[in-house]
Amino acid sequence: MSLSYLPAPVSAWLSQISVVLDRRSAPRLLALLVGALFARGRRTVTSWFRAAGITADFRPAYNALWAVGRRAQAAAYQLLAWAVRPLWRATPGDHLLFALDDTPTARYGPKVQGAGVHRNPTPGPAGEKFVYGHLWVTLAWVVRHPCWGTLALPLRALLYIRKKDVPKLVQEYPWKFRTKLELAVELVRWLVHWVGVPGKALWVVVDGAFAKRPFLQPVRALGLVVFSRLRKDAALRTVPPTTRRPGQRGPLPTYGRGKISLAKRAGQKRGWQRVACVQYGKAVTKTIKTFLATWQPAGGLIRVVLVREAVGWLAYFCTDPAMPVATILEAMADRGAIEQMFRDLKEVWGVGQQQVRNVYACIGAFTVNLVLYTVVEAWAWARAEAELVDRSRSPWDAEPRRPSHADKRKALQGEILREEIRAVIGGRANQAEFHDLATRLFNLAA
């Protein structure tokens, strides 16, 4: 498909992203991106080739996919600079919220480079505790859309390879083992280096698995505010004195001497209060208890929030002691958007189905999917619901809900196809062009 049929902003974004490769490979990357957008069925790389019209020159296309894996960081920066940063500037507020989490993609076969056995976060009906495949530590921008609630737009992902699997990969490529926490810190450093949005604070929300010293202290040193879940047996300390005793020398202590038991604090009937906040698009009132404490993994003072739920209680914390409780609760609820993003990446884009074995080809395939996910969301950002979802043929489907990511992808496909049809019909009648168009539409529908 010609790039001229793409909407102007999408064409500009994809063209800028493709410049990360050399002049020979850039057009092939554009073709891969358009092919992945229109691929149907099982989303293997060959399905991208068929949708993009890549036939005899499929080997150079594989090379382009490998090359984008080697240049994934540059592609992520181009995506951030051209598609995401304009949305940041148009978004009201004094901060930007980001989410970090990891997700596995199942693979099959013993020769998939970098694949290993990882914990399965979604066991399913069969209850599989582990999954064989790749694990991706992913950074996403989390934002509340004015009409559609909280969304997560992926920016960059890094491949985590277990320490025991690194020696196999080192035989082919120089690869250094890094923990998931180290990869997460690298993503935050990259974000701080390239964000370039003065006047807005940077917040990051993570799952409790990332709330550990190797992540919290480097990120806090970079000036970011961290929100996360707190273990119920966390070794909290009281707040140290802020004034010196007569004759006291040396620096003031960072941690208090007294121990704090979260279980005892949650068990006490006194001190609970009601706080109004917005979670998952609804105004709710939560029963909470909050206090300041010091915690060594966080490097000092934090704000702790205990939340009483229907069954039991939960503990959250924020590295900014002055952060309002409602903001902490809302940030932790907004973290769920990255889980929905992972689900859409796997179900809508078929992440992990590309059937490539080289480690950089796998990174390239994952990068292509991340880029297209964010491009589709950025293209649909300012569009009305009627432009993205057509339920006229389903009058029984009248329940109000926001457009899904699949709806937005289909809407973009429809606009591109309409432009292609107008280009063929609007010009001089040509039987060969009509035949090619009809064949293309039939292949897409089949």
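The values are calculated or read from the model by the stated rules, or taken from the named source; none is laboratory data. Quick caveat, the model's predicted, so the values are computed rather than measured. Here Cβ is always computed from backbone atoms with ideal geometry, including for glycine, and neighbour counts include all displayed protein chains. Side chains included, ligands, DNA and RNA excluded: accessible areas come from the protein's heavy atoms. Shrake-Rupley method; radii C 1.70, N 1.55, O 1.52, S 1.80 Å.
Just a few scattered comments:
- Applying 1/(1 + (r/R0)^6) with R0 = 41 Å to the Cβ-Cβ distance of Ala90 and Phe177 gives a FRET efficiency near 0.50.
- Extension gain for Arg343-Lys111 works out to 80.9 nm (0.36 nm per residue, less the C-alpha to C-alpha distance).
- GNM remark for the chain: springs join alpha carbons under 10 Å apart, and the peak mean-square fluctuation among Tyr360, Tyr160, Tyr108 falls on Tyr108.
- Portion, in percent, of the accessible area of the chain that falls on carbon or sulfur, probe 1.4 Å: 53 percent
- With the simple spin-label model, which puts each label point 7 Å out from Cα in the Cβ direction, the Arg391 to Lys129 separation comes to 4.3 nm.
- Pairs from the table (Lys129/Lys259; Lys259/Lys282; Lys168/Lys212; Lys164/Lys200; Lys164/Lys264; Lys176/Lys346) lying more than 32 angstrom apart at Cα are Lys129/Lys259; Lys259/Lys282; Lys164/Lys200; Lys164/Lys264.
- If you wrap the tightest convex hull around every Cα atom of the stretch 1-151 and split its volume per residue, you get 169 Å³.
- Alpha-carbon centroids, the stretch 355-394 and the stretch 215-237: separation in whole Å: 33 Å
- Compared with the rule-of-thumb size 2.2 N^0.38 Å for a compact globular protein, the stretch 85-196 has a Cα radius of gyration ratio of 1.30.
- Unit Cα scatterers, Debye sum, the chain: log10 I(q)/I(0) for q = 0.06, 0.07 Å⁻¹: -0.31, -0.41
- Taking the stretch 45-187 and dividing mean pair separation by its residue count, relative contact order in percent (alpha carbons under 8 Å, at least six apart): 19 percent
- Helical contribution to [θ] at 222 nm, DSSP H n ≥ 4, -39,500 (n - 2.57), averaged over the chain, rounded to 500: -12000 deg cm²/dmol
- Convex hull volume per residue for the stretch 223-296, taking Cα atoms only, in Å³: 158 Å³
- Here's how it looks for Leu155: its modeled amide H is under 5 Å from those of Leu139, Ala140, Trp141, which are all 5 or more places away or on a different chain.
- GNM remark for the chain: springs join alpha carbons under 10 Å apart, and the peak mean-square fluctuation among Gly364, Gly127, Gly350 falls on Gly127.
- Here the alpha carbons of the stretch 241-376 define both size measures, Rg and Dmax, at 22.0, 70 Å.
- Inter-site label distance for Ala235 and Lys282 at 7 Å from Cα along Cβ, in nm: 4.0 nm
- Long-range HN-HN contacts of Leu236 with modeled amide H, under 5 Å: Ile260
- Sequence-distant residues sharing a close amide H with Phe98 (under 5 Å, placed H): Val142, Trp203, Val204, Val205
- Put simply, the Cα atoms of the stretch 143-187 extend 51, 18, 14 Å along their principal axes, the longest span coming first.
- Accessible heavy-atom area order of Lys212, Lys286, Lys180, highest first, probe of 1.4 Å: Lys212, Lys180, Lys286
- Radius ratio Rg over Rh of the stretch 180-323, counting only Cα atoms, Kirkwood formula for Rh: 1.00
- Residues considered: Val206, Val278, Val311. Largest GNM mean-square fluctuation over the chain, using C-alpha springs under 10 Å, is found at Val311.
- Fraction of C-alpha pairs exceeding 17 angstrom in the stretch 298-352: 55 percent, rounded to a whole number.
- Added length on full extension, which subtracts the Cα-Cα distance from 0.36 nm per residue, Asp57 to Val19: 11.7 nm
- R0 of 45 Å, Cβ-Cβ distance Ala406-Leu252: FRET efficiency to nearest 0.05: 0.20
- J(HN,Hα) series, the stretch 21-30, from Karplus relation 6.51 cos²θ - 1.76 cosθ + 1.60, nearest Hz, glycine and proline x: 9, 6, 5, 6, 8, 4, x, 5, 5, 4
- Working from label points 7 Å from Cα in the Cα-to-Cβ sense, the Leu222 to Ser261 distance is 3.8 nm.
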